[in-house]
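**Q** Here it is: the structure, laid out below.
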Amino acid sequence: MPVPGTQPQRLLLARQLIREKGLSRTDLTLLEDILREGAGDLDPLLEAPARDVMHAGESPAQANLRRNLGLFLAFLHQFSPRRLGEARASMGQVLQHSLGRLAHLTGTAHRELMVELEQPAWVGLLLDLLASLRAMAPPPGEEAGALRALWAAFLEDHRDSFRQILAALQFCQDGPEAVTSLNAQMKVVNRAIQGQGRLEESLARLAEQLESCIPPEFHARVEPLLLLQNVVSNLRLSLLRPLDRGIHWPAVEQVRGSLRWLWDHLGWVLPRMDAELFRERMPADLRQLLQDLRREDRALFSVVARALASHISLMGLMESLEPAAGASAQDLYGAVPTFLVIESELGRVAERAYDPGRAELLDPNRPEVPRLRAYLRQAVLSLRQDQATLRSLLQQALAGADADQLAHTLDNLRGLLVNHQKQLMGELVGLFSPDVQQRLFPESPSMMEEGERLRLRIQRLWEQVPPIHAQLLLSLELQDWPRLALGLAQSYRHLLTFRRSPEFPLMRRPDREEAERLIQDLGRLLESPEEVHQALRDSMDVLGELLRFLELFLLRINARVPLIRQDLEVAQEALRLIAGLKEGSTGPERTRLSHKLIQNAKRLGVRDAQAVTLLKRWVRAERGQREGSLPILEQLAAHLGQLALRLEAALG
């Protein structure tokens, strides 16, 4: 297997960028350096052993097929029994639908090749019939009589297709001989259906003869797709029966091994970095900023370039996902493996690209380094939180076996993850140039803005449900059961709307799981009551508990506003004191200002440890009467200025 991240891979990307004639030689050198810094992080997601591979004009549909097959294989490589959780039965559907989606994409690639090579309509009929024959392979243990009846019905349904294919073959080279051979084999199949021969062998022979009728110049291009279609069809049937009882692990291992063999046979590769996406995510402003950074501090450039390259790779993976709203069940379940690959990729970025230990090797005298260290620690926490959110919400949606809930979950997760990636990229760029951050990431939401969205969503829910709850209490007291049932159903609809909103995943995991549990308990009581009157009483208890939870959660969020306002006042007062120290005050006045600054700024330590760290460094320099105290004071002022801007934005 080739060594991941080797020079030929990077050169291949550079040559592609050169061919597009959109970058200067300096830009290409910069992009090469970025790829070199992140080479270990940007290994291809999936490779094949080095061998002679045909790269003759990959069509868009074939590229899409290769990408989906690669992502499904990457999912299978990190899939294990320990990660199933409560979604054990649903993961069987994920595997089935994913294989079905691969079969559908293979058919699309077939049709695209036919249009490209101007093949007649009968070739398409031949390919569809061939795929159907292989998909109808007899499952083990099927009774012979029932199997013969199924095949008789299948051949009757495809009688017209056979006739059109045989009529078209008459006018092809060596066509009459092929027609004679096919007619003879059809007679063998008919006798086998009547019990006079081996049905499986005769059908396999018929499929082989049909495949030999494909035009030779077209067969060379379509052969990999035929192989893939054959393998996928057989694998789906191998999973069908064992998955009635959940995941059958030997069958999953067979799928993994067969598809891996097929991937290696085709010689396909799934890179983490797409050249076109890389160029789009590196506009001129960002390239200039990185060139300046590389010229000033190579070690600092390495940290930033590695993080940006990983973000671009992740963004490409997320933005390739189609919207889930209105999608078929096959597309919904077929998208789950990609989300689980994204989950593992978030962990990879947190462990490798954002390793806080690498920041310890940087020059501490640079003003950006303290803020970069704090940013790296916060980014790791954010990535880990996104990873846990994705995993838990996906498991809940799969365990619920509700296609609508799964669609809402996938769309909400995609929006959440894309926003957080843009936010992390924007904050990283903003450490070195707020102007470039504003130009490149103008719509990137901050954590404060997301918190405000969540607060407003819960506030809206709070304004909707408690008035209904007051009426329900009266209906319960009067034992007006119909009105009570209607009011509970209305409250449940409001709660379902909240659960499916884009703001619901913004709740931290313990709060989100508690809200999910209460909403599910309420739904279970309303949808399948054993005794109606008792179920309505129990539903009122659950609704009351849910309202108390929402009230406490809303109070916790609203309580943060005074703290934000207090921190803003502290930061502004500290900036005023620093301005007085910079004016050159001496003697007792400087001592008084220094003492007030220490007492004031240390109040930020609970929620902003970086401010206290800079304050301590300045105090040590000041007490030692070193000349370096003024630069440290300026670093503290810059940090407090940024903090004040963020807090002002949070207050609106």
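**Q** Return the pairs, sorted by first residue and then second, in which the second residue is open to solvent by 10 Å² or more (accessible area, probe 1.4 Å) and assigned to a loop (DSSP other than H, G, I, E, B), the first residue lies in region 612-625 and is under 14 Å from Ala374 (Cβ atoms), the beta carbons are less than 8 Å apart, and the residues are 6+ apart or on different chains.
**A** none
Listed here are the residues, each with its yes/no results for (1) touching a Lys or Arg at 6+ places or on another chain (Cβ under 8 Å); (2) in a helix (DSSP H, G or I); (3) at pLDDT below 75; (4) surrounded by 13 or more Cβ atoms within 10 Å (Cβ to Cβ).
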{"residue": "Lys187", "(1), (2), (3), (4)": "no, yes, no, no"}
{"residue": "His219", "(1), (2), (3), (4)": "no, yes, yes, yes"}
{"residue": "Leu239", "(1), (2), (3), (4)": "no, yes, yes, yes"}
{"residue": "Asp244", "(1), (2), (3), (4)": "no, yes, yes, no"}
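**Q** Right, something else. Among the residues in region 536-544, are any hydroxyl-bearing (Ser, Thr, Tyr) and either in contact with a Leu (Cβ under 8 Å, 6 or more places away or on another chain) or at pLDDT 80 or above (or both)?
**A** yes
**Q** Also: In this structure, does Leu332 turn out to be open to solvent by 10 Å² or more (accessible area, probe 1.4 Å) and either on the phi > 0 side of the Ramachandran plot or hydrophobic (A, V, I, L, M, F, W, C) (or both)?
**A** Answer is no for this residue.
**Q** Mind checking which residues of region 403-414 are closer than 17 Å to Arg512 by Cβ and open to solvent by 30 Å² or more (accessible area, probe 1.4 Å)?
**A** Correct list: His408, Asp411.
**Q** Could you tell me whether region 67-87 includes any residue that is on the phi < 0 side of the Ramachandran plot, in a loop (DSSP other than H, G, I, E, B) and modelled with pLDDT of 80 or more?
**A** Yes, region 67-87 contains a residue that is on the phi < 0 side of the Ramachandran plot, in a loop (DSSP other than H, G, I, E, B) and modelled with pLDDT of 80 or more.
**Q** Find the residue count for region 383-393, including only residues that are without any contact (Cβ under 8 Å) to a residue 60 or more places away in the chain and open to solvent by less than 50 Å² (accessible area, probe 1.4 Å).
**A** So the count comes out to 5.
**Q** Here are some conditions: (1) open to solvent by 70 Å² or more (accessible area, probe 1.4 Å); (2) out of contact with any helix residue (DSSP H, G or I) (no Cβ under 6 Å at 6 or more places or on another chain); (3) at pLDDT below 80; (4) part of a helix (DSSP H, G or I). Met91 meets all but one. Which one does it not meet?
**A** Only one criterion is unmet by Met91, namely (1).
**Q** Scan region 313-333 and tell me whether some residue there is of a type in the set (S, T, N, Q) and at pLDDT below 85.
**A** Looking through region 313-333, at least one residue is of a type in the set (S, T, N, Q) and at pLDDT below 85.
**Q** Could you give me the residue pairs with C-beta distances under 8 Å whose first residue belongs to region 518-533 and is without any contact (Cβ under 8 Å) to a residue 40 or more places away in the chain, whose second residue is basic (Lys, Arg) and surrounded by 14 or more Cβ atoms within 10 Å (Cβ to Cβ) wherever it lies, and which are 6+ apart or on separate chains?
**A** Within 8 Å, the pairs are Ile519/Arg499.
**Q** In region 166-185, how many are open to solvent by less than 40 Å² (accessible area, probe 1.4 Å) and either more than 15 Å from Ser212 (Cβ to Cβ) or aliphatic (A, V, I, L, M) (or both)?
**A** Looking only at that region, the number is 6.
**Q** Check Val369 against each of (1) at pLDDT below 85; (2) under 30 Å from Ile632 (Cα atoms); (3) open to solvent by 20 Å² or more (accessible area, probe 1.4 Å) and name the one condition it does not meet.
**A** Here Val369 meets the rest and fails (3).
**Q** Scan Leu456, Leu486, Leu496, Leu472 and give me the residue that is modelled with pLDDT of 85 or more, surrounded by fewer than 19 Cβ atoms within 10 Å (Cβ to Cβ), more than 14 Å from Leu546 (Cα to Cα) and not charged (D, E, K, R).
**A** Leu486
**Q** OK, next. Taking Leu604, is it out of contact with any Pro (no Cβ under 6 Å at 6 or more places or on another chain), at pLDDT below 80 and open to solvent by less than 20 Å² (accessible area, probe 1.4 Å)?
**A** So Leu604 passes the test.
**Q** Residues in region 341-361 that are open to solvent by 10 Å² or more (accessible area, probe 1.4 Å) and of a type outside the set (Asp, Glu): how many?
**A** Of the residues in that region, 7 qualify.
**Q** Let me ask another. Taking region 614-638 as the search range and keeping residues that are out of contact with any helix residue (DSSP H, G or I) (no Cβ under 6 Å at 6 or more places or on another chain) and at pLDDT 80 or above, which one is most open to solvent (accessible area, probe 1.4 Å)?
**A** Applying the filter and picking the extreme gives Arg620.
The values are calculated or read from the model by the stated rules, or taken from the named source; none is laboratory data. What you see is a predicted model, and the numbers here were worked out from it, not measured in a lab. So basically every Cβ, Gly included, is an ideal-geometry build from the backbone, and we count neighbours across all protein chains shown. Just the protein is used for accessible areas: all its heavy atoms, side chains included, with ligands, DNA and RNA removed. Shrake-Rupley method; radii C 1.70, N 1.55, O 1.52, S 1.80 Å.
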